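Contents: one structure, followed by commentary.
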Amino acid sequence: MTELTLAKALTAGLGQALADDDRVLVMGEDVGALGGVFRITDGLQSRFGATRVVDTPLAESAIVGTAVGLAMRGFRPVVEIQFDGFVYPAFDQIVCQVAKLHYRTRGAVKMPLTIRIPWAGGVGAAEHHSESPEAYFVHTAGLRVVAVSNPQDAYTMLRQAIASDDPVVFFEPKRLYHSKGEVDLDADIADAAPLGVARVVRRGTDVTLVTYGAQVQVALDAATAAEDEGVSIEVIDLRSLSPVDYRTVTASVRSTGRLVVAHEAAREAGVGAEIIASVTEQCFEYLEAAPQRVTGFDIPYPPAKLERHHLPDLDRILDAVDRVLGRGHRAGVTS
């Protein structure tokens with residue numbers, strides 16, 4: 001095992017994928033000599049050359065469009081979108097081409113394309129540099145959508161995404177890039193948990209708390225704080241947002257009888273709403289209280305000085321836990 005930051009785990013995963021398969025290419029703005037704005041591709045161009053780690057023009061639609069053509073010709077491109085808010089110019093390519101070509105060709109064309117997106121807030125970034133666009137892609141049939149929360153998953157799931165014949169939108173929480181953890185660099189991805197399987201990261205008996213990305217650590221902190229009050233919270237890291245591993249989620253809810261879902265993205269028509277609707281359909285007779293959402297607010301992402309009020313925090317999550325336990329609102333907490 002090797003201790004790595006989440007960023008370095010991603011670098012290692014990309015390097016291993018490039019070494020394992022000559023068809024793998026990395027493309028994006030400043031991914032070559034600079035090593036990417038977050039230095040995720042640092043050193044890869046010098047190792048593998050400028051024809052496999054490719055600096056592109058500042059044109060996201062062209063980057064993804066080129067990757068579509070490469071995928072159709074048998075390559076396995078990995079596209080870096082420099083910031084989450086920059087993915088929108090490529091939205092047409094992603095939802096109209098990437099997501100549909102396999103279906104449109106009755107399976108004759110595969111689309112082994114991975115779209116890496118530094119994602120979400122908590123780093124005090126400028127406008128268009130802290131967004132949570134996951135619901136757009138979850139709503140789009142034909143895409144896999146995943147979000148990592150720790151260095152081991154960053155390493156393993158990125159390699160799994162690149163090896164997949166499906167197009168994968170791969171969300172990387174920016175505020176966790178410098179978080180550290182143990183990584184097994186010798187792990188065989190064939191032996192790892194499949195890309196679409198959720199993980200119970202803390203066992204509990206009173207409330208199921210479902211989340212993903214950077215919110216996983218917030219959820220674990222909330223579970224620790226709740227334990228001091230005699231409340232046992234089971235925390236589930238979804239890992240995959242499309243498809244969702246409802247088997248793991250519903251098994252937990254049938255045991256606890258209560259559900260809270262937390263995410264940074266806006267509340268309206270978010271991932272949390274879909275999870276709650278689906279769990280309610282499957283577990284209605286097991287629920288002891290109405291499920292609760294803890295989310296970002298339905299506003300454009302706020303300026304850096306205000307983002308701490310926008311992001312779900314420990315107090316807002318514990319307030320939702322109190323509500324599903326019938327304890328009412330905590331003083332001073334705004335949902």
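The values are calculated or read from the model by the stated rules, or taken from the named source; none is laboratory data. Everything quoted here is computed from the prediction, not taken from an experiment. So basically every Cβ, Gly included, is an ideal-geometry build from the backbone, and we count neighbours across all protein chains shown. Accessible surface areas use protein heavy atoms only, side chains included; no ligands, DNA or RNA. Shrake-Rupley method; radii C 1.70, N 1.55, O 1.52, S 1.80 Å.
Of the residues in the range 70-84, at least one is assigned to a helix (DSSP H, G or I), in contact with a Pro (Cβ under 9 Å, 6 or more places away or on another chain) and more than 20 Å from Met157 (Cα to Cα). Looking at the structure I just gave you, is Thr280 on the phi < 0 side of the Ramachandran plot, within 24 Å of the chain's Cα centre (by Cα), β-branched (Val, Ile, Thr) and open to solvent by 10 Å² or more (accessible area, probe 1.4 Å)? Yes, satisfied.
Of all the numbered requirements in (1) more than 17 Å from the chain's Cα centre (by Cα); (2) open to solvent by 20 Å² or more (accessible area, probe 1.4 Å), Asp322 misses one, and that requirement is (2).
Determine the pairs where a residue that is farther than 15 Å from Val253 by Cα and among the hydrophobic types (A, V, I, L, M, F, W, C), located within the range 265-288, has a partner that is open to solvent by 40 Å² or more (accessible area, probe 1.4 Å) and part of a helix (DSSP H, G or I) with Cβ atoms under 9 Å apart, the partner being 6 or more residues away or on another chain. Hits for this filter: Val271/Val138. Residues in the range 56-76 include at least one that is open to solvent by 60 Å² or more (accessible area, probe 1.4 Å), in contact with a Lys or Arg (Cβ under 6 Å, 6 or more places away or on another chain) and among the hydrophobic types (A, V, I, L, M, F, W, C). From the list Arg293, Arg258, Arg267, Arg254, the lone residue that is open to solvent by 30 Å² or more (accessible area, probe 1.4 Å), out of contact with any strand residue (DSSP E or B) (no Cβ under 7 Å at 6 or more places or on another chain) and of a type in the set (Lys, Arg) is Arg254. Looking at the range 310-318, is at least one residue open to solvent by 40 Å² or more (accessible area, probe 1.4 Å) and either touching a strand residue (DSSP E or B) at 6+ places or on another chain (Cβ under 6 Å) or within 21 Å of Val148 (Cα to Cα) (or both)? Yes. Inside the range 103-138, residues that are outside any loop (DSSP other than H, G, I, E, B), open to solvent by 30 Å² or more (accessible area, probe 1.4 Å), under 18 Å from Phe170 (Cβ atoms) and not hydrophobic (A, V, I, L, M, F, W, C) make up a count of 1.
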